[in-house]
1. Quick one: is LEU263 assigned to a helix (DSSP H, G or I), in the same structural domain as LEU364 (by TED's automatic domain parsing) and closer than 23 Å to ARG325 by Cα?
2. Test ARG351 against the stated conditions and say whether it is surrounded by 21 or more Cβ atoms within 10 Å (Cβ to Cβ) and either out of contact with any Gly (no Cβ under 9 Å at 6 or more places or on another chain) or touching a residue at least 60 places away in the same chain (Cβ under 8 Å) (or both).
3. Tally the residues that are acidic (Asp, Glu) and modelled with pLDDT under 95, restricting the search to the range 101-141.
4. Under the condition of being among the small types (Gly, Ala, Ser) and loosely packed, with under 15 Cβ neighbours inside 10 Å, which residue from the range 314-348 is nearest to ASP260 (Cα to Cα)?
5. Please state which one of VAL116, VAL109 is among the β-branched types (Val, Ile, Thr), assigned to a loop (DSSP other than H, G, I, E, B) and touching a residue at least 60 places away in the same chain (Cβ under 8 Å).
6. Residues of the range 205-240 being surrounded by 21 or more Cβ atoms within 10 Å (Cβ to Cβ), touching a Pro at 6+ places or on another chain (Cβ under 7 Å) and either acidic (Asp, Glu) or under 18 Å from SER398 (Cβ atoms) (or both), which ones?
7. If a residue must be of a type in the set (D, E, K, R) and closer than 19 Å to ASP339 by Cα, how many such residues does the range 257-284 contain?
8. I need the full set of residues from the range 51-93 which are touching a residue at least 24 places away in the same chain (Cβ under 8 Å) and not in a helix (DSSP H, G or I), in order please.
Amino acid sequence: MISHNPPVPRDIYLPPSIEPPPTRPGLHWLACPWTPEILARLVAALREGAEALRAIPTPDLLGAWVGAVEVFRDPKSPERRGLDPELARLCRLSPEGLSAGLEAVLGGVRRGPAEVLFEAAETRIADVPAGPVLVVLASNLPALAVQPLLPALALRRPVLLKSSSAEPLFAPSFLAALVQREPRLTGAVAAVAWPGGDPRLEEPVLAGVDKVIAYGDAPALADLERRAPGKVVGYGPRTSLAVIGSTVDPDQVADGLSRDIALFDQRGCLSVAAVYTAGDPDLLAGCLEEALQEKARLWPPGPADAVSLAAVQQARLEAEMRGLRPCPLAVTEGTVLVDPEPGFRPSPGLRTVRIHPLADLSRLPEILAPWKDRLQGAALAGEDAWSLADRLAALGVSRFAPPGELQSPDASWHNGGLSPLAALARV
């Protein structure tokens, strides 16, 4: 009899030639006693899988990719039904918030964007090293693995995805669906979670791979660069903002802004933390509060930790003590503060945003100068806002989009200024 139960999510995916270390019954592979010897064999196996990977015709590999992406875009698929409850818990998102987040990430690597990336990679493959790539993933966003995985496969580079121990499920589940559609990938991809930062454990991995793509905080990235000099392309913590021009109707942008704030519960590098407007800040605040309230209904926030709740309450109390406009929303719905001080301040989270009135938007790059190379994206509305794009790019902003589209980049996005293919093509 064929079972129609959803598959149990896995937290490991290995080439068939690699046996994971034994673990006691009832423990996930995450609890395996990984050793330098086993990880060294894993990297060696991936290197051996490069030849089979390079032999896969582009239409076959692209077809497998698109098939796997569509399965995970479908909330009703067995893969999603098996994965979603635990993934939502690990990512601290509501089921609705998780579904919206997965669509935002996976929509950027669907057939159209993937075809463009594969076409761009065709001319590079012969000159790109065939050695494996280590991708060190963060846990703040679900499905982040697809963003570095797609260009690596397009360039035919074997990939070891090191999942965060806080979220070890998506990467191996996606690889399983991918290999099911293209078995020749079997020896060229792996997803494992091990305790990060252990020099002895990671030494054979860092020595055996040709490239390291890493997401993390500044100390973790610096430590990797020290142990794997010249191999690391790091993506550190950044934040984003919105700029609304003087002639823009707040009603026309509020819904888009609320999406850019609420998606992923404001934990992404493209999540809007502040809005600068040359228009009426109070009118914009009122429209944005209504839109955030609606987003809270459609995408209820996930469970909030005590530290974030305290930080948001502190921000509200500070605004009250300064005599600023009170926010009528429940803390769980979001917080909109109108702050006449123009200095950029990071959001305490939980869908909190500061609106800064700025009559002359041309002053904004100077105001943001202290945040150079720590800014990621800007949602722009109005001619006077879009006129700032070049000057904001000089501060490190790498993505510009209308409100509502900022958090939906496609596979060609030059994250941090470096294209995904260029990052992986370097020796």
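1. No, not satisfied.
2. yes
3. 2
4. ALA330
5. VAL109
6. ILE213, THR239
7. Adding up the residues that qualify gives 2.
8. ALA55, ILE56, PRO75, ARG92, LEU93
The values are calculated or read from the model by the stated rules, or taken from the named source; none is laboratory data. Given the structure is predicted, the values throughout are model-derived calculations rather than measurements. Using ideal geometry, Cβ is built from the backbone for each residue, glycine included, and neighbour counts are taken over all protein chains shown.
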